[in-house]
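Note sheet for the following structure.
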Amino acid sequence: MKCSIEGCPGEYETKSVVHTVRHRGQVVVIDHVPAEACSVCGDVLFTPDTVRRIENLLRESSATSRAPSRSVPLYEFA
Ligand SMILES: [Zn+2]
């Protein structure tokens with residue numbers, strides 16, 4: 001699929017990415033999320049199904065005691 005960014009000649013390729021979201025004031029990092037990523041500009045698209053699964057995961061992670069599989073160091077840029 002052709003990249004949707006104006007002027008970008010790239011194509012989207014399916015790959016797994018690290019997705020970072022802020023959820024209830026906490027930064028949550030989800031690894032191995034399937035996404036369509038542009039090989040040229042790096043633009044990333046998620047399918048509606050993937051978005052739904054991310055939302056479910058976030059809801060589950062706060063509703064139950066589902067533990068993250070790993071913890072990551074988080075650095076502040078400034
Ligand atoms: Zn692109």
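Which residue, 72, 40, 51, has the largest displacement toward the positive end of the dipole of the chain when charges sit on each Cβ (Lys, Arg +1; Asp, Glu -1)?
Farthest towards the positive end: 72.
For residue 5, tell me the accessible area in Å² from a 1.4 Å probe, rounded to the nearest 10.
About 80 Å², ignoring ligands and nucleic acids.
Please list 69, 39 from largest to smallest accessible area, probe radius 1.4 Å, with all protein chains kept in place.
Ranking 69, 39 by accessible area, largest first, yields 69, 39.
Once ligands and nucleic acids are excluded and a 1.4 Å probe is used, how much of residue 14 is accessible, expressed in Å² to the nearest 10?
110
Among bridges DSSP assigns within the chain, what percent are antiparallel (round to 5)?
100
Calculated from DSSP H runs of 4 or more alone, at -39500 (n - 2.57) each and per residue, what is the 222 nm mean residue ellipticity of the chain, nearest 500?
The helix-only estimate for the chain comes to -7000 deg cm²/dmol at 222 nm.
Go through 77, 46 and list them by solvent-accessible area, largest first, probe radius 1.4 Å.
Largest to smallest exposure gives the sequence 77, 46.
Roughly what would the spin-label model give for residue 59 and residue 26, points 7 Å off Cα along C-beta, in nm?
Placing both labels 7 Å along Cα→Cβ, they lie 1.8 nm apart.
Magnitude of the Cβ-charge dipole of the chain, K/R +1 and D/E -1, about the Cα centre, nearest 20 debye?
Value, rounded to 20: 420 debye.
The values are calculated or read from the model by the stated rules, or taken from the named source; none is laboratory data. If you're wondering where the values come from, they're calculated on a predicted model, not measured in any experiment. Ideal geometry is used to build each Cβ from the backbone, glycine not excepted, and the neighbour counts take in all protein chains shown. In case anyone asks, the SASA skips ligands and DNA or RNA and just uses the protein heavy atoms, side chains included. Shrake-Rupley method; radii C 1.70, N 1.55, O 1.52, S 1.80 Å.
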